[in-house]
Amino acid sequence: METVALRCTNCGAPLPKPQPGEEWVRCEYCGFLNKVVDAAAYVERLRRDLEKWIRELLPATMISSTVADLTARYQIFQEIIKPKVMMARSNIRAKYLLYLSSPLTPIPPPSFSSDDPKPLFEETLRIQTIRDFAVSEDDLKLVQETIVYGNIAGYLLNAIKALSKFDVKSALKNIEEALAGIPEDPGLNLVKQRLNAARSVLTALSLLYDRDTQAALDIAKTGIDQYNMLLDSVGSSASPEVSRGVLEAEKMVAEIVYKISEASHEFFRAGRDPLEVLRFVEAYTKVFQLIRETYKRPLSDLVEVVENLRRIVLAKNGSSQVYVVPGSGSFYLPFYVVESRFSFVKGMLLKKGVESRLTVLVSAIAPYAANPVTDVFGVYSGKPVKLERVEEAPLYPVLKSIISSMKASGLPADARVIPPLISSVLAEKIFDGYMNMVSGKYGGKIIFVSSQATGVIYIPFNPVNQQTLAYERGLSISLITGLDNLTKLSV
């Protein structure tokens, strides 16, 4: 029986060898800080438990009398050991498949798992202790597969837990260790390719944290290429280990990481800290989770958000332009310009259908805005405007003036710019919901609504207080959170 010198008391993974005189050692896989004496006591208890398990499984006389007897060892394995190994293999492989059934990405982070990796590592050690009794080729394969699945499942679970906390470096260490445990086996080639691609994406993020933006760009591109090749290999396969849907989600994240790397590299070239981009991504992933849960939005929305982030960085560095509305303000807030066509019924007795067109703004910080749609119909204020007279509403000329004054421009390098937090499609859906409210105010007279977001504009606002920001030409926005929380999402 053989165990490593020390194992983590939190997750059960191997610990690095402590330096002479060190009292503490940190686990590279879960980040737990172990006291050396506690880790040593855990390993000693684990050793005793393994010895006890062997004694209960195989009487001492049987063990000593069969060490050199291959035939007897084979018989013991078939009658006593194999049923337990098969059960262990079934349970461990189920966990292994479970952890591979979801995208292994930090963006968006996976749900935190309550599973404990320690039992997986401990069960794998138990199976290792009876490996000598597997003398036939089939029995040895059963034992080795169980060990491989157990170790990979343990490291994958640690990686998932790290990813749920956006701990990229710990997740990367676990993925690397899981890869190291995969033998040269054709049946595991696709899993190995998938974990290699995931490792590239995590490596790119890790390099960004180290401010090596050019290397991050290169390895992120490698990750995209790896996913493309893997998707070509998989075809329409429905394997839970490498399902096409999961691979496409992971590839999408690889593309997102590439865009993040581009933005970070631009910051680096401009003499600014590239970590500023990553700080936004860390903060925004929580917001995106809320958006996904509230509006049931796909991961592709995140691609659009990160692309807009990239454009903002380029515009702040003077190498590209976005649409900006003139004015003075310390906060530049994003809005989608939404063009709408709607029909409504007019008249009491001789009813007839009337079609109208409308251009409005939808706040692209919708999760933080109390009323994200510019209220031209007055449903928020309680002063509704007649459908046929919307152009006479007090807010409408303000909107027309703002939209007509936008121009392609850079963004001030020292301004706080909030990237769009929602996609253009979600902005359209939010506007359609607003029009449903309008229709309700008018007894369902609106019979058709068609909307299209035509672009993003940035408007400079100044804080009035922690809940309100105002634009100098008569537009204000109320927040459902404190301004400080919004500031964390600025670039």
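Some notes on this structure:
- For K383, net neighbour charge (Lys/Arg +1, Asp/Glu -1) across residues whose Cβ lies under 13 Å away: +1
- Ranked by the mean number of other Cβ atoms within 10 Å of their residues, highest first, the peptides 330-342, 270-282 come out as 330-342, 270-282.
- Global geometry of the stretch 224-341, whether rounded, prolate or oblate, following the gyration tensor of its Cα atoms and the 1.5 cut on a/c: prolate
- Separation of the alpha carbons by more than 28 angstrom is noted, of K82/K173; K95/K173; K52/K192; K17/K82; K82/K169; K35/K286, for K82/K173; K52/K192; K17/K82; K82/K169; K35/K286.
- Cβ-defined net charge surrounding E44, 12 Å radius [Lys, Arg +1; Asp, Glu -1]: +1
- Between the Cα long axis of helix 168-180 and the first principal axis of the chain there is an angle of about 40°, rounded to the nearest 10.
- Counting Lys and Arg as +1 and Asp and Glu as -1 over every other residue whose Cβ lies under 15 Å from the Cβ of L479, the net charge comes to +1.
- Per residue convex hull volume, Cα atoms of the stretch 176-290, in Å³: 109
- Counting every pair of alpha carbons in the chain, the share spaced more than 34 Å apart comes to 51 percent.
- Amide H within-cut-off set for V417, under 5 Å, with H built and near neighbours excluded: Y332, V491
- In the chain, the longest principal axis of the Cα atoms and the axis of helix 213-234 are about 70 degrees apart.
- Considering only the Cα atoms of the stretch 41-169, their convex hull presents on average a projected area of 9.2 nm².
- Fully extended contour minus Cα-Cα distance, from S164 to R55, at 0.36 nm per residue: 35.2 nm
None of the figures in this text is laboratory data; all of them are computed from the coordinates on show. Keep in mind it's a predicted model, so treat the numbers as computed, not measured. Cβ: placed from backbone, ideal geometry, glycine included. Neighbour counts: every protein chain shown.
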